[in-house]
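A.B. asks: Handing you this structure, nothing more for now.
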């Protein structure tokens, strides 16, 4: 996954850009680059390899405006010429996502005389904005017009050396947020990149275009209207995304599972009963006539949904369907107004899950629930009900604590629906709640086996194939285990 960091500030922003990219390294990348405005021109450096290779450049650079990027190749092989930022005339652009109509734009721009030096879809954005500036020189207006021509998913950040002190950003389908301070304003694709400078975050909506300067920012929506997006104080802390004493982030997050589950279950406190209100003020009314559950998710989140299907049908007596979100909207399905649509996503910005949720709603299915780790995310905002898993930041590539906290949330949903349907008596309810409270202790006992597990792993490390077996509710757990091995190996 690509990463973006951008800044317009009164301070030197080169070290901020580099540190922000380091915080995004966990997402995976094959090249990196940054561009700053320095002495009236764009200064750009790109590298195939690690962000650390850019540090020598930033150590000798003083600038107040810039953009930076880590790239995971989608168009064109990993190489310096395909690395971001891409330039055209006086501007530089970084971009996350995929522009679906880039080939048509590329042909149009070549006919206008533009020369392409990369294989990327992103370079089309740079040339498109530059071409618009010939009749609309203001960067903010030019970017806004360019976005009207783009088809696909994108988050972009743009600078122009003829308009120093200004960064323009836009999003459609790919995450992008602002970091707000008294001495500068920042943008990034992930909050972790900005914790070094602020915990005050503004989450952009799809279609938003924002202009940042050191002293202020303003946002226009997809209709061109000026809008105020609320400033959220992020619950993330810089310490939460540091590795600490662990060997790697996956190990850290495996060992954070007991705390993450305890935090997720804190919502039921010391109660001996469970109430629908844990899913939102309207939950009791909305869930009253639910006769089916549709779970939309991808990857690990889909495996948590497949596990929950066994619980929902056995405990709550409600039929459940689990759909891979990327496939759901591409087939004809039968809508059910009494169906609860559950969208599960660690980030709350998973493009396929968000698109599937919107498709389900377009069919008249407005009983929606988000199970998510990020309270300000798009999926949470677009659902009628929500449950925040409180797993904390997950830096490791393979999901661990996000998966187990999703399972905890889904079991709570099972109990609530069982209670609403009068399938849960007081003795059963008390038993299940006590079992949930015991989970952190049980997981700690498993984690105590780490040294034994390391020795067992050595026996398997040389094998060329692995087969994960499971029946019943352990079938999706076997799928998840197989996914983990594929992801990590």
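A.B. asks: Kindly indicate whether residue 126 is in contact with a strand residue (DSSP E or B) (Cβ under 7 Å, 6 or more places away or on another chain) and either part of a loop (DSSP other than H, G, I, E, B) or within 19 Å of residue 4 (Cα to Cα) (or both).
C.D. replies: It is true that residue 126 is in contact with a strand residue (DSSP E or B) (Cβ under 7 Å, 6 or more places away or on another chain) and either part of a loop (DSSP other than H, G, I, E, B) or within 19 Å of residue 4 (Cα to Cα) (or both).
A.B. asks: Quick check on my filter: what residues within segment 33-56 are crowded, with 17+ Cβ neighbours inside 10 Å and either modelled with pLDDT under 90 or under 23 Å from residue 211 (Cβ atoms) (or both)?
C.D. replies: Across segment 33-56, the qualifying residues are 33, 34, 35, 36, 37, 38, 42, 43, 44, 48, 51, 54.
A.B. asks: Just to be sure, is residue 429 assigned by TED's automatic domain parsing to the domain that holds residue 340, free of Cβ contacts under 8 Å to residues at least 60 places away in the same chain and on the phi < 0 side of the Ramachandran plot?
C.D. replies: no
A.B. asks: Quickly run through segment 23-51 and pick out the residues that are in a helix (DSSP H, G or I) and in contact with a helix residue (DSSP H, G or I) (Cβ under 8 Å, 6 or more places away or on another chain).
C.D. replies: Within segment 23-51, 23, 26 meet the criteria.
Matching residues to (1) modelled with pLDDT of 95 or more; (2) touching a helix residue (DSSP H, G or I) at 6+ places or on another chain (Cβ under 9 Å):
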| residue | (1), (2) |
| --- | --- |
| 75 | no, yes |
| 80 | no, no |
| 83 | no, no |
| 88 | yes, yes |
| 109 | yes, yes |
| 120 | no, yes |
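A.B. asks: So, in segment 162-185, exactly how many residues are more than 15 Å from residue 94 (Cα to Cα) and either in a strand (DSSP E or B) or out of contact with any helix residue (DSSP H, G or I) (no Cβ under 7 Å at 6 or more places or on another chain) (or both)?
C.D. replies: Residues meeting the conditions: 12.
A.B. asks: Also, quick follow-up: If you go through segment 384-393 one residue at a time, do you hit one that is in the same structural domain as residue 330 (by TED's automatic domain parsing), outside any helix (DSSP H, G or I) and over 30 Å from residue 192 (Cβ atoms)?
C.D. replies: Scanning segment 384-393, I find no residue that is in the same structural domain as residue 330 (by TED's automatic domain parsing), outside any helix (DSSP H, G or I) and over 30 Å from residue 192 (Cβ atoms), so the answer is no.
A.B. asks: Please indicate, with yes or no, whether at least one residue in segment 359-379 is surrounded by 21 or more Cβ atoms within 10 Å (Cβ to Cβ), outside any strand (DSSP E or B) and at pLDDT 95 or above.
C.D. replies: yes
A.B. asks: List pairs: first residue in segment 470-489 and farther than 19 Å from residue 324 by Cα, second residue surrounded by fewer than 16 Cβ atoms within 10 Å (Cβ to Cβ) anywhere in the structure, Cβ distance under 6 angstrom, at least six positions apart or on different chains.
C.D. replies: From segment 470-489, the pairs are 470/478; 485/466.
A.B. asks: While we're here: For segment 3-18, give me each residue that is under 24 Å from the mean Cα position of the chain (by Cα) and either closer than 15 Å to residue 155 by Cα or assigned to a strand (DSSP E or B) (or both).
C.D. replies: Within segment 3-18, 3, 4, 5, 6, 7, 8 meet the criteria.
The values are calculated or read from the model by the stated rules, or taken from the named source; none is laboratory data. Quick caveat, the model's predicted, so the values are computed rather than measured. A quick note on method: Cβ atoms are made from the backbone with ideal geometry, for glycine too, and the neighbour counts reach across all protein chains shown.
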